[in-house]
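Beneath this line is the structure, given in structure tokens, with notes to follow.
The values are calculated or read from the model by the stated rules, or taken from the named source; none is laboratory data. Only a predicted model underlies this, so the values are computations on that prediction, with no experimental measurement involved. Here the Cβ is made from the backbone with ideal geometry for all residues, glycine too, and neighbour counts use every protein chain on show. For the accessible areas, the whole protein counts, side chains as well, though only heavy atoms, and no ligand, DNA or RNA atoms are used. Shrake-Rupley method; radii C 1.70, N 1.55, O 1.52, S 1.80 Å.
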Amino acid sequence: MEVDHKVPDAVRAIALDVPEYFFYLLFQAQRRRDMTFDAALAEGGLNITRWRTLSVIRRLDECTMKDLAGFTAIDRTTLTRSVDQLVEQGLVNRATPPGDRRKVVLTLTEAGDTFFQAAIGLLDAFNREALEGVSAERQLVVLDVLQTVLRNLCEAKDQAEEILTFGGRDRHRALA
């Protein structure tokens, strides 16, 4: 597919270069989606940070705090607080394996999985609404661009691949 590389007049009008405008729009789109979804999650007693925490734990089936930090890109203090709140809400179990008392393993409770299933439907609806009018082909082009950007931003190639594959095919379970 050929892409038109002409710089839109709107970009020229606001005096930003294309890379700066790209990241500005990326931030605006993500933030506005998060605010909308955050409001919907509040009815269930969650916020977007706890949702990301919950969804990564669900996706990996069980994970460590290190895994969680890597896949959520949330700072450790906030992440620990989020996990504590999810445990208090009865949505996440926290366990220490007998062989390594420093390691913490997180899994969803039955209530956590039920909440996840309900919330993922909301998220899917938000995502579809946000992408309305964007063809599947154009979405794939953007995915390719974002994968390249992420590879450029990660310190190590294996770190980028770990993030891009969500830890590898064998590490995660299906959404439904």
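List of remarks:
- In order through segment 16-29: 3J(HN,Hα) via Karplus (6.51 cos²θ - 1.76 cosθ + 1.60), integer Hz, x for Gly, Pro: 10, 7, 4, x, 5, 5, 4, 6, 4, 5, 4, 4, 4, 5
- Here the contact order of the chain, divided by its residue count and restricted to Cα pairs under 8 Å and six or more residues apart, works out to 20 percent.
- Whole-Hz ³J(HN,Hα) from phi, Karplus 6.51 cos²θ - 1.76 cosθ + 1.60, for segment 67-74, glycine and proline x: 4, 4, 4, x, 8, 9, 6, 9
- Computed over protein heavy atoms with a 1.4 Å probe, the carbon and sulfur contribution to the accessible area of the chain reaches 54%.
- In a simple Cβ point-charge model (Lys, Arg +1; Asp, Glu -1; nothing else charged), the chain has a dipole of about 500 debye relative to its Cα centre.
- Theoretical FRET efficiency, 1/(1+(r/R0)^6), r = Cβ-Cβ of THR36 and LYS157, R0 25 Å, to 0.05: 0.15
- Net lengthening on full extension, TYR24/LEU164 (0.36 nm per residue, minus Cα-Cα): 48.2 nm
- Charge tally around ASN127: other residues with Cβ under 14 Å, Lys/Arg +1 each, Asp/Glu -1 each, net -1.
- Binning all Cα-Cα separations of the chain at 10 Å, short to long from zero, yields these whole-percent fractions: 8, 29, 36, 19, 7, 1, 0.
- Residues in segment 79-106 reached by a label modelled at ALA118 [backbone nitrogen below 14 Å; 7 Å Cα→Cβ]: 90-91
- Cα gyration tensor shape for segment 66-157, rounded if a/c is under 1.5, else prolate or oblate: oblate
- Vicinal HN-Hα couplings computed from phi for segment 124-140 (Karplus, 6.51 cos²θ - 1.76 cosθ + 1.60; Hz; Gly/Pro x): 4, 5, 4, 4, 5, 5, 5, 9, 4, x, 9, 5, 4, 4, 5, 4, 5
- Note that segment 67-176 presents 68 Å² accessible area per residue, ligands and nucleic acids not counted, probe 1.4 Å.
- Label reach from VAL134 (point 7 Å along Cα→C-beta): in segment 35-76, amide nitrogens under 17 Å belong to 35-37.
- Shape of segment 69-116 from the C-alpha gyration tensor: oblate (a/c of 1.5 or more and a/b not above b/c, with a ≥ b ≥ c the square roots of its eigenvalues).
- Overall form of segment 17-106 per C-alpha gyration tensor (a/c, 1.5; a/b vs b/c): oblate
- Nearest-10 value in Å² for the accessible area of ILE74, using the 1.4 Å probe: 30 Å²
- Only one residue of GLY44, TYR21, VAL134 has its Cα farthest out toward the positive end of the dipole of the chain, where Lys and Arg carry +1 and Asp and Glu -1 on Cβ, and that residue is GLY44.
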